[in-house]
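Peer 1: Got a structure for you, written out below as structure tokens; questions coming shortly.
The values are calculated or read from the model by the stated rules, or taken from the named source; none is laboratory data. Remember, it's a predicted structure, so these values are computed and weren't measured experimentally. Because the Cβ atoms are built from the backbone with ideal geometry, glycine has one as well, and the counts that use them run over all protein chains shown.
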Amino acid sequence: MSWQNMLKENIVTVEQLQEHIFFREEHLEQLQRISKRFPFSIPPYYLSLVDPSDPHDPIRKMCVPSPDELDPGGRFDTSGEASNTVVPGLQHKYPQTALILTTNACAMYCRHCFRKRLVGLEDKETRPQRDKIMAYIREHTEISNILLSGGDALLNPTSVLREYLEDLCSLGHLDAIRIGSRAPVVLPMRIYMDQKLLDLFRKYGAKKRLYLVTQFNHPRELSPQAQRALDALQDCGVTVRNQTVLLKGVNDHGPTLGTLLKELVRRGVVPYYIFQCRPVTGVQNNFQAPMARAYAVTEEAKSLQNGLGKTFRYVLSHETGKIEILGPSGGRWLFKYHQAKAPEDQGRLFSVALRPDQCWLSGEDVRGVSREGADDPGETAA
């Protein structure tokens, strides 16, 4: 069966989901409401990783809708993607990197997705005008790498990926091409069953360095099938890097996160970032953990690693840039811009009097404005 036909077997209705997982009657009604606002789509392979007897199963939490998604808190564009869009389908936030939204399709609609506003719903941001995009990239020679994203870049037909790689590999100022995909995690067959895709990576990987950036969040996602996909990518010369999102109820536990990092390194996958979960509508109250506790989790996980597993940075992907969470110092918390939208912020250190329950940084926090004596706590970060 082709990977396209496998997608046709995805669980997309409450009735189908009920055949695999038991729900109380009142929960079924909530699921129907949620699915109308935020659709779900779960590959049978990924659902097979769920323990149906455990309502708190971490794999289940990432793929099965939850009543918490109906909470109106948060916002949809937490990283300022709209303001970074320079051509429809192309974002340019940092000088060296441009991001192409190649599709709004995913093999699975992750419940913690930070692009919940468009995945499976809107396609107005993911109708890339390739001629205009390529013209922009040619003119901006400061761009040294491109990230093909979405949705999931590997949900494009292999023929479409070939067109992107052919165009991008012709540009001398590009050092590397990154491909953002959760396919190794949720539908690994997309990779190891498509020889044309692997041949494509082998061909264009000889012209430009290819990186696949994926997202394993829990050790149980590292199945034999996922291993086979990773092996296939590495055999083609593709470097695989991992970005984990720290998720409440999934991996906010030092030994769990530590095991994940160790197993990634064992498989030749470089831990890249651990992201603080963003305050996205439908995600915020379901998955965000307070930064102070999340920092303790990442430090415990780091203590279980050798040097190779300690290379990740714990960051927020903020509207103003990627901000590294350095830790507590003298009663305040230190932060540093790892990447910055504004040149004057690059590398800038700042401190915040972090609340114990604080999960994100406000504009006042990143600008160094004191919040002591603030009258309205609603003005501070979520």
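Peer 1: If a residue has to be part of a strand (DSSP E or B), out of contact with any helix residue (DSSP H, G or I) (no Cβ under 6 Å at 6 or more places or on another chain) and not charged (D, E, K, R) to count, how many in the stretch 173-198 make the cut?
Peer 2: Residues meeting the conditions: 1.
Peer 1: Is at least one residue of the stretch 208-220 of a type outside the set (A, V, I, L, M), in a strand (DSSP E or B), closer than 24 Å to THR141 by Cβ and not assigned by TED's automatic domain parsing to the domain that holds TYR45?
Peer 2: yes
Peer 1: Can you find even one residue in the stretch 19-39 that is among the hydrophobic types (A, V, I, L, M, F, W, C), within 28 Å of ARG190 (Cα to Cα) and under 21 Å from the mean Cα position of the chain (by Cα)?
Peer 2: yes
Peer 1: Against the conditions (1) over 19 Å from the mean Cα position of the chain (by Cα); (2) closer than 26 Å to ASP54 by Cβ; (3) buried (at least 19 other Cβ atoms within 10 Å of the Cβ), where does ALA232 fall short? Just the number, please.
Peer 2: (2)
Peer 1: Filter the stretch 59-89 down to the residues that are out of contact with any helix residue (DSSP H, G or I) (no Cβ under 6 Å at 6 or more places or on another chain), among the charged types (D, E, K, R) and more than 30 Å from LYS341 (Cα to Cα) and list them by number.
Peer 2: Within the stretch 59-89, ARG60, LYS61 qualify.
Peer 1: Please determine, by comparing only the residues of the stretch 179-214 that are among the polar types (S, T, N, Q) and touching a residue at least 12 places away in the same chain (Cβ under 8 Å), which one is surrounded by the most Cβ atoms within 10 Å (Cβ to Cβ). Give the steps one after another, and end with the answer.
Peer 2: Kept after step one, since they are among the polar types (S, T, N, Q), are these residues of the stretch 179-214: 181, 195, 214.
Those still in the list that are touching a residue at least 12 places away in the same chain (Cβ under 8 Å) too: 181, 214.
Working: SER181: 29, THR214: 27.
That would be SER181.
Peer 1: With part of a helix (DSSP H, G or I) and β-branched (Val, Ile, Thr) as the only criterion, which of ILE34, ILE21 stands out?
Peer 2: ILE34
Peer 1: Regarding GLU221, is this residue acidic (Asp, Glu), within 19 Å of LEU49 (Cβ to Cβ) and surrounded by 19 or more Cβ atoms within 10 Å (Cβ to Cβ)? Spell out how you get there, then give the answer.
Peer 2: Numbers: acidic (Asp, Glu): yes; within 19 Å of LEU49 (Cβ to Cβ): yes; surrounded by 19 or more Cβ atoms within 10 Å (Cβ to Cβ): yes.
For GLU221, the condition - acidic (Asp, Glu), within 19 Å of LEU49 (Cβ to Cβ) and surrounded by 19 or more Cβ atoms within 10 Å (Cβ to Cβ) - is met.
Peer 1: State the number of residues belonging to the stretch 70-102 that are at positive phi and either at pLDDT 85 or above or part of a strand (DSSP E or B) (or both).
Peer 2: The number of residues fulfilling the criteria is 2.
Peer 1: Could I ask something else about it? Give the number of residues within the stretch 21-40 that are in contact (Cβ under 8 Å) with a residue 24 or more places away in the chain and basic (Lys, Arg). Spell out the reasoning first.
Peer 2: Step one: filter the stretch 21-40 for residues in contact (Cβ under 8 Å) with a residue 24 or more places away in the chain, giving 21-22, 27, 30-31, 33-35, 37-40.
The next check asks that each one be basic (Lys, Arg); those that pass are 33, 37.
Looking only at that region, the number is 2.
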